[in-house]
Amino acid sequence: MLITLGSPPSDAETDAWHAVVTAAHVRDLPASVPEPSRAETSGKLRIPPVDGRNVHLVATARDGSYEGVASLVLFTDEPTRHAAFLDYLVVCPGARRHGLGAMLWTAIRDELMADGRTSVSTVLELGGAGEAFVDSIGFTNMRPLGRYVQRVRQAVDEVPQPALPDGLRFADWPGVVPDERAEAFARAHEALRDTQAGELEERAPHWDVDRVRATARVIGERGGLILTSAVLDTTDGDAVVAYTEIVLRDPADTRALQYDTVVVPSHQGHGLGRAVKRHLLGRLSELRPGVREISTTVADDNTAMLAVNEGLGYRSERPAGLFQAKL
């Protein structure tokens, strides 16, 4: 039977959902990849993203236990209102090969069509059951990706901090950007918009101060923490010319997630990406000594960032892809 999860879900519903995603994680991913914490699961079920609303579907057994779950983000901002993102579609290992995945997908597709969506995308590991499943229902790998991991202590010890050119300095903050940096930080985010979409149906939304603040606020409301380091141009009113972000979805995590790293076009080619990432690496080591690793995802064709990451000690962990289906 299919049900729609309550909003917000009860503790029992959250526990049952978490049991499914944890079991699937253990079955499908390498042992080196930490399992999602319950705090992370709860946060994602309770708090929608800035630019969308969630639909959480559950396939239940006769006794009411959860056998499969699916989580869909329906984007609400222009220019992505026609699109959606499939965050989860997983079935408990013991309940697989009984049509539950197909049943969940049919319900998802019906939801998408009823809401007027024309495309849906998802990120999956390559070579596993997930890739085979989405291939069978019409998804295409639009952007090959790699998952990479860096050991924090080793990188801090072995990678020297590059010096900044004259007129530039570092600034750091946890959580929401301080008021005095907000406008400049939003302008730097806009540099992402021309590089994110390619042939995908999704187009990056406009970044303004409200969106920058809301994005960080959602991470905190979900129980996580975002740390940001930026490079400021002191000759241009402390304009943000580069930045990088690291997220802990649970403060107890031992593996952090690398979010955006951006250098604005006018300052590219001067090593600022490497410099700001190495700077935040040192700050993370000081502020969160329990974090042992940082994980990042980079498109295979992003040769500049791959080179930066290689110099910072990232190693390849597993291949993935950004898949898309047009409806």
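Values in this text are rule-based calculations from the coordinates and carry no lab data. Quantities reported herein were computed from a predicted structural model and do not represent experimental measurements. Please note: Cβ atoms are built from the backbone with ideal geometry, for glycine as well, and neighbour counts cover all protein chains shown.
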query: Which of the peptides 148-155, 126-133 is most tightly packed, and how do the rest follow, going by the mean number of other Cβ atoms within 10 Å of each residue?
result: 148-155, 126-133
- line: Residue-ordered couplings for segment 82-94, obtained by feeding phi - 60° into the Karplus form 6.51 cos²θ - 1.76 cosθ + 1.60 and rounding to whole Hz (Gly and Pro as x), are 7, 10, 8, 10, 8, 7, 9, 8, 10, 10, 3, x, x
message: Could you tell me the center-to-center distance, by alpha carbons, between segment 26-59 and segment 300-314 in angstrom?
response: 27
message: Can you divide the C-alpha Rg of the chain by 2.2 N^0.38 Å and report the result to two decimal places?
response: 1.02
field: Relative exposure of Leu72, Leu5, judged by other C-beta atoms within 10 Å (fewest first)
entry: Leu5, Leu72
query: With the Cα gyration tensor of segment 1-146 giving a ≥ b ≥ c as the square roots of its eigenvalues, does the rule (a/c under 1.5 for rounded; else a/b larger than b/c for prolate; else oblate) give rounded, prolate or oblate?
result: rounded
message: If I build a Gaussian network model for the chain, linking alpha-carbon pairs within less than 10 angstrom, which residue out of Thr261, Thr215, Thr106 has the largest mean-square fluctuation?
response: Thr106
field: Separation of alpha-carbon centers, segment 60-96 and segment 220-262, rounded to whole Å
entry: 28
field: Contour excess over end-to-end distance, with Cα ends at Ala163 and Thr297 and 0.36 nm allotted per residue
entry: 45.6 nm
statement: The exposure ranking of Val159, Val262, fewest beta-carbon neighbours within 10 Å first, is Val159, Val262
field: Proxy reagent accessibility, fewest Cβ within 10 Å first, across His267, His189
entry: His267, His189
- prompt: Taking the chain as a Gaussian network, Cα atoms linked when under 10 Å apart, which of Ala163, Ala252, Ala31 shows the biggest mean-square fluctuation?
  reply: Ala31
